[in-house]
C-alpha cells in the first residue's frame, strides 16, 4: 500500500460517487464532498445500490459492502479536506470553476497533498496554474461507470513532478485500475478518439440511418459493448456537446464540429438517460 490514508472526492455526481466507492472499497478513509446535501444523499444511495448489486452477483460479500460504506463520510465544507492525502475533483467541466476550486484547495491543504482532476477534456496545465504549488496537480481521469471500468488516464501538466505521477500511478493500481499516460491535450486519449466517432454516428442519424442500425452495426461490426448512440445517451448529450465544442475551439479542426442534430437535442433538453430522453427514450 502507498502512504495514502485519506482521500477526498469533490462532487457527488455519477463520476464522483463512483470514485468514492472505489477509493472506499480499496480501504481508504474517503470523504465525499458536495455543496448540495441532496446530491450527497443521491450519491450515497447510488453507491449503496451498486454495492448491493455486486453482492447479489456474488462479486463481493455483505461484509465487503459494510466495510466500504463505513469508509465513506460526507461533508458540504471544503475546509474538511485539510487532512487528506489525495483530493480528486469531479465537478462540472468548466475551467474557471475548476481553477477557482484548485486555488482554494492550494491554500487549504499542505503542499504534500496531491490535487487531482477527473476532467475529461480540460488542460491540467491550465488548472495547475491557479496553484502556488502546481507540481502536485495532476489529471486522474476515470472511466464511467468507475467501479466497472478498469482504465485510468493519467495526465501530467507541464508543472507536474515525477513524485506526484508515481504516487498517482501506484494509487490507481491499488484501486485495481490499469493506467495509461496521456498528453495534456484536449480529450487526452479516450475522448479524443471516442467523441468524434460518436459525432459521426449522429451525422449518420441526421442523414436518415435508424439509431438501432447504427448501434447494432458498431456493436457487431467492431465488438463494442454499447453502440455510439447508446453510449452518448449514457454519457450525456450535454457533456458530449461541451467536449466537442472544446475540441473544435482548442484544436481548430472542422472534424470536431458538433453535428447540428446534437445541438438541437441539447437545446431541447434531451440529454439522454439522465433526462429520460436522448437518441432513445427511457423510463
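Scanning the stretch 165-214 for residues being more than 20 Å from the chain's Cα centre (by Cα) and closer than 16 Å to residue 248 by Cβ gives a total of 3. Counting the residues of the stretch 222-241 that are under 24 Å from residue 186 (Cα atoms) and in a helix (DSSP H, G or I) gives 13. When the stretch 150-176 is filtered for residues that are part of a loop (DSSP other than H, G, I, E, B), over 24 Å from residue 192 (Cβ atoms) and touching a helix residue (DSSP H, G or I) at 6+ places or on another chain (Cβ under 6 Å), only 161 remains. Evaluate the following for residue 150: is it in contact (Cβ under 8 Å) with a residue 40 or more places away in the chain, assigned by TED's automatic domain parsing to the domain that holds residue 13 and either within 17 Å of residue 4 (Cα to Cα) or under 15 Å from the mean Cα position of the chain (by Cα) (or both)? Criteria not met by residue 150. All conditions but one from (1) surrounded by fewer than 14 Cβ atoms within 10 Å (Cβ to Cβ); (2) in contact (Cβ under 8 Å) with a residue 12 or more places away in the chain; (3) in the same structural domain as residue 148 (by TED's automatic domain parsing) apply to residue 175; the one that does not is (1).
Just one of 65, 98 is closer than 21 Å to residue 148 by Cβ, crowded, with 16+ Cβ neighbours inside 10 Å, in the same structural domain as residue 37 (by TED's automatic domain parsing) and modelled with pLDDT of 95 or more; which is it?
On the way: 98 fails: closer than 21 Å to residue 148 by Cβ.
On inspection, the qualifying residue turns out to be 65.
Looking at this structure, is residue 116 in contact (Cβ under 8 Å) with a residue 40 or more places away in the chain, surrounded by 22 or more Cβ atoms within 10 Å (Cβ to Cβ), closer than 28 Å to residue 248 by Cβ and in contact with a strand residue (DSSP E or B) (Cβ under 9 Å, 6 or more places away or on another chain)? So residue 116 passes the test.
On the given criteria, is residue 104 part of a helix (DSSP H, G or I) and free of Cβ contacts under 8 Å to residues at least 24 places away in the same chain? Explain how you work it out, then say what you get.
Working: part of a helix (DSSP H, G or I): yes; free of Cβ contacts under 8 Å to residues at least 24 places away in the same chain: no.
Judged against the criteria, residue 104 is not a match.
When residues of the stretch 1-43 are filtered for being farther than 14 Å from residue 147 by Cα and part of a helix (DSSP H, G or I), how many remain? So the answer is 6.
Could you check the stretch 201-221 and list, in sequence order, the residues that are assigned to a helix (DSSP H, G or I) and either exposed (fewer than 14 other Cβ atoms within 10 Å of the Cβ) or outside the structural domain of residue 244 (by TED's automatic domain parsing) (or both)? Break it down stepwise before answering.
Here is the first cut: in the stretch 201-221, the ones assigned to a helix (DSSP H, G or I) are 201-206, 211-221.
Correct list: 206, 212, 213, 216, 220, 221.
Which of the residues belonging to the stretch 222-244 are surrounded by fewer than 16 Cβ atoms within 10 Å (Cβ to Cβ) and either within 15 Å of the chain's Cα centre (by Cα) or under 21 Å from residue 15 (Cα atoms) (or both)? Before the answer, list the steps.
At the first step, the residues of the stretch 222-244 found to be surrounded by fewer than 16 Cβ atoms within 10 Å (Cβ to Cβ) are 222-226, 234.
If the condition is that a residue be surrounded by fewer than 16 Cβ atoms within 10 Å (Cβ to Cβ) and either within 15 Å of the chain's Cα centre (by Cα) or under 21 Å from residue 15 (Cα atoms) (or both), then 225, 226, 234 are the ones that fit.
The values are calculated or read from the model by the stated rules, or taken from the named source; none is laboratory data. Note that the structure is predicted; figures quoted are calculated from it, not measured. So basically every Cβ, Gly included, is an ideal-geometry build from the backbone, and we count neighbours across all protein chains shown.
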